[in-house]
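To start, the structure itself, in structure tokens.
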Amino acid sequence: MTATESLLPALRAAVGPAGLVTDADQLRSYLVDWRGAYRGAAAAVVRPGSTEEVAEVLRLCRDAGVAVVPQGGNTGLCGGAVPDASGRQVVLSLGRMRRVHELDAANQTITVEAGAVLQTVQEAAAAAGRLFPLSLGSEGSATIGGTLATNAGGTAVLRYGTMRDLVLGLEVVLPDGRVWHGLRGLRKDNTGYDLKHLFVGAEGTLGVITAAVLKLFPAVRSRATAWVALPGPAAAVELIEVVRALAGDRLTGFEVMSRQSVEFVLAHAAGVRDPFAQPHPWYALVELSDTLPDAGLAEVLETGLGEAFERDLALDAVIASGSAQVAALWALREGISEAQNSEGPSLKHDVTVPVSSIPDFVERTDRALAAAVPGIRVVAYGHVGDGNLHYNLSKPVGSDDDAFRARADELARVVYDSTASFAGSISAEHGIGVAKRDLLADYEDPLELELMRGVKALLDPAGLMNPGKVLPAG
Ligand code: FAD
Ligand code: 2HG
Ligand code: ZN
């Protein structure tokens, strides 16, 4: 009997029968990621119902030398929430800890358990006339704990920032079972090191986040959304400046998509249509929002687009009229990730470069990839207002899946070497997980890696919190 199997009775006693999953059929969905790209094994999934139960589970696992893999909505794209293949790790799901504890309207904060689904938190904020602005394609399943642990970004970062910018306080259970009660709702707190930021983006390698205090904003009462056809990425970068100069921080989203990305959605998603009669090389989805009901945002967009046409930055444009059209435009953008999965393996590269370098980055990397794999389909899209491209690759039409997958590492090098040559980052918003762990050794400053290892050793000396994720061996 393995140490994990011997531990099961104690885990059952800690979380109750409803909190322990051992049935093979019920375990299945916890052991594979959303894309089916990472698979693992586990003797059990524990589903604690409270912070005290999380603490007891971590104490038991520490004493037995059993590793723990925290899991929220399991929508992560880097394999961080999936256990390894040994079958000896325990998955700790936050799925039963979904309560909204408190909404403090005057303090503009909401306090929630880590397993609360992002959309539930958005809805709770909206019900109180407030906005919780993080916005992701996966918001119907992704949890607050998971979005904090990956420092998620999404489509409203331009205005509101990433999860790191949206959190004021955390409650965390450390690997030895101690609870850090850092659930403060303070906008100013200079009492030494700001420890919460260690756990944000740590992908569950330093402890289990059990609750968070998040910032709220005034509700948005008007919105204007445009779909703009562009000659290329350089026009996109100039268009951002045109719109920002007019709209200031009412510019909430600026997403860009290559024609290839949109073609995949048109081919595979239901009920979508191309807003224009002609295909164009690139597109931008531009969104302005305001707290005033009649802020004249459509007029601001029209002025910006007028200037864009005069300067040959835009080839065509439509401003959405009504919420159905807004949703239809966003469906073209949000459908890309799923549509690409229908075209065989999707080799994902979630990179950032300075916004000003986006055009040269795309040109140089496209060229290098076409030389390596003639006919390769580059599915480049994303949050260009943040300098963040999802520079994903699909195989040439009619070629073999496995042969393409076999070249994943070589093609990743092409993309990441190019990213590094623009002083960019090999992970903009999805994290490292297992997908990019070994690449960190090559692309991260050795001193930064050394400091990260020091933090890990301090908080998790036994190496039992999500081992094998984020930090390369060595
Ligand atoms: P999981 O996938 O369960 O876990 C992710 C990582 O966090 C793992 O390492 C896990 O161990 C750790 N973790 C989870 N919960 C905790 C906790 N309570 N304490 C400590 N560690 C924990 N991401 C973006 O940034 N921007 C996007 O626009 C975006 N769009 C997406 C669209 C789609 C269709 C999909 C499938 C994913 C998208 N993602 C995006 C990625 C993903 O949704 C995010 O990474 C999300 O933050 C993960 O949340 P989760 O609850 O599913 O976490
Ligand atoms: C998005 O912006 C997500 O749509 C997912 O971050 C990106 O699937 C991807 O590569
Ligand atoms: Zn994204």
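The values are calculated or read from the model by the stated rules, or taken from the named source; none is laboratory data. Note that this is a predicted model, so its numbers are computed, not measured. A quick note on method: Cβ atoms are made from the backbone with ideal geometry, for glycine too, and the neighbour counts reach across all protein chains shown. Note: areas computed on protein heavy atoms with side chains; ligands, DNA, RNA excluded. Shrake-Rupley method; radii C 1.70, N 1.55, O 1.52, S 1.80 Å.
A search for C-beta distances below 6 Å between a residue of the stretch 341-366 that is within 15 Å of V256 (Cα to Cα) and any residue that is open to solvent by less than 40 Å² (accessible area, probe 1.4 Å) and of a type in the set (K, R), counting only pairs 6+ apart in sequence or on different chains, returns nothing.
Looking at Q108, is it touching an Asp or Glu at 6+ places or on another chain (Cβ under 6 Å), more than 8 Å from ligand 1 (Cβ to nearest atom) and touching a residue at least 12 places away in the same chain (Cβ under 8 Å)?
Working: touching an Asp or Glu at 6+ places or on another chain (Cβ under 6 Å): no; more than 8 Å from ligand 1 (Cβ to nearest atom): yes; touching a residue at least 12 places away in the same chain (Cβ under 8 Å): yes.
The answer is no for Q108.
I'd like to know if the stretch 185-203 contains one or more residues that are under 19 Å from A142 (Cα atoms), in contact with a strand residue (DSSP E or B) (Cβ under 8 Å, 6 or more places away or on another chain) and either open to solvent by 10 Å² or more (accessible area, probe 1.4 Å) or more than 9 Å from ligand 1 (Cβ to nearest atom) (or both). I'd like the intermediate steps shown before the answer.
Our first condition is that a residue be under 19 Å from A142 (Cα atoms); within the stretch 185-203, this holds for 199-203.
Now restrict to residues that are in contact with a strand residue (DSSP E or B) (Cβ under 8 Å, 6 or more places away or on another chain): 199-200.
Next cut, either open to solvent by 10 Å² or more (accessible area, probe 1.4 Å) or more than 9 Å from ligand 1 (Cβ to nearest atom) (or both) only: 199-200.
Yes, there is a match, as at least one residue in the stretch 185-203 is under 19 Å from A142 (Cα atoms), in contact with a strand residue (DSSP E or B) (Cβ under 8 Å, 6 or more places away or on another chain) and either open to solvent by 10 Å² or more (accessible area, probe 1.4 Å) or more than 9 Å from ligand 1 (Cβ to nearest atom) (or both).
Screening G65, G49, G40 for residues that are modelled with pLDDT of 95 or more and in contact with a Lys or Arg (Cβ under 6 Å, 6 or more places away or on another chain) leaves exactly one candidate, G49. Scanning the stretch 251-261 for residues that are closer than 27 Å to E299 by Cα and either within 14 Å of ligand 2 (Cβ to nearest atom) or crowded, with 23+ Cβ neighbours inside 10 Å (or both) returns T252, G253, F254, E255, V256, M257, S258.
Hey, can you tell me all the residues within the stretch 359-391 that are of a type outside the set (K, R) and open to solvent by 40 Å² or more (accessible area, probe 1.4 Å)? Listed by number, the residues that qualify are D360, E363, D366, A368, A370, A371, P374, G375, D386. Of all residues in the stretch 88-134, exactly one satisfies the criterion of being part of a strand (DSSP E or B), crowded, with 21+ Cβ neighbours inside 10 Å and either among the acidic types (D, E) or within 16 Å of ligand 3 (Cβ to nearest atom) (or both), namely E113.
Taking the criterion of being closer than 28 Å to P293 by Cβ and either open to solvent by 60 Å² or more (accessible area, probe 1.4 Å) or charged (D, E, K, R) (or both), the residues of the stretch 221-240 that qualify are R221, R223. Taken over the stretch 208-220, the criterion of being open to solvent by 10 Å² or more (accessible area, probe 1.4 Å) and within 19 Å of the chain's Cα centre (by Cα) is satisfied by I209, K215.
What are the residues in the stretch 319-355 that are at positive phi and touching a helix residue (DSSP H, G or I) at 6+ places or on another chain (Cβ under 8 Å), if any? Break it down into steps so the answer makes sense when it comes.
Here is the first cut: in the stretch 319-355, the residues at positive phi are 322, 344.
Hit for the stretch 319-355 is G344, nothing else.
Scanning the stretch 385-398 for residues that are more than 20 Å from G431 (Cβ to Cβ) and in a helix (DSSP H, G or I) yields a total of 1. Does at least one position in the stretch 291-308 carry a residue that is within 16 Å of ligand 3 (Cβ to nearest atom) and either aromatic (F, W, Y) or at pLDDT 95 or above (or both)? No, the stretch 291-308 contains no residue that is within 16 Å of ligand 3 (Cβ to nearest atom) and either aromatic (F, W, Y) or at pLDDT 95 or above (or both).
Of the residues that sit in the stretch 157-179 and are in contact with a Gly (Cβ under 6 Å, 6 or more places away or on another chain) and under 22 Å from G387 (Cβ atoms), which one is most open to solvent (accessible area, probe 1.4 Å)? Filtering first and then ranking leaves L158. A search for C-beta distances below 6 Å between a residue of the stretch 183-198 that is among the charged types (D, E, K, R) and any residue that is not in a loop (DSSP other than H, G, I, E, B), counting only pairs 6+ apart in sequence or on different chains, returns R184/G169; K196/L170; K196/G182.
Residues are listed down the side, and each one gets a yes or a no for (1) closer than 16 Å to Y283 by Cα; (2) within 22 Å of the chain's Cα centre (by Cα):
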position: G296; (1), (2): no, no
position: L301; (1), (2): yes, no
position: L313; (1), (2): yes, no
position: A317; (1), (2): yes, no
position: S321; (1), (2): no, no
position: L329; (1), (2): yes, yes
position: L332; (1), (2): yes, yes
position: A339; (1), (2): no, yes
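Tallying residues that are open to solvent by less than 30 Å² (accessible area, probe 1.4 Å) and in a helix (DSSP H, G or I) within the stretch 286-299 yields 1.
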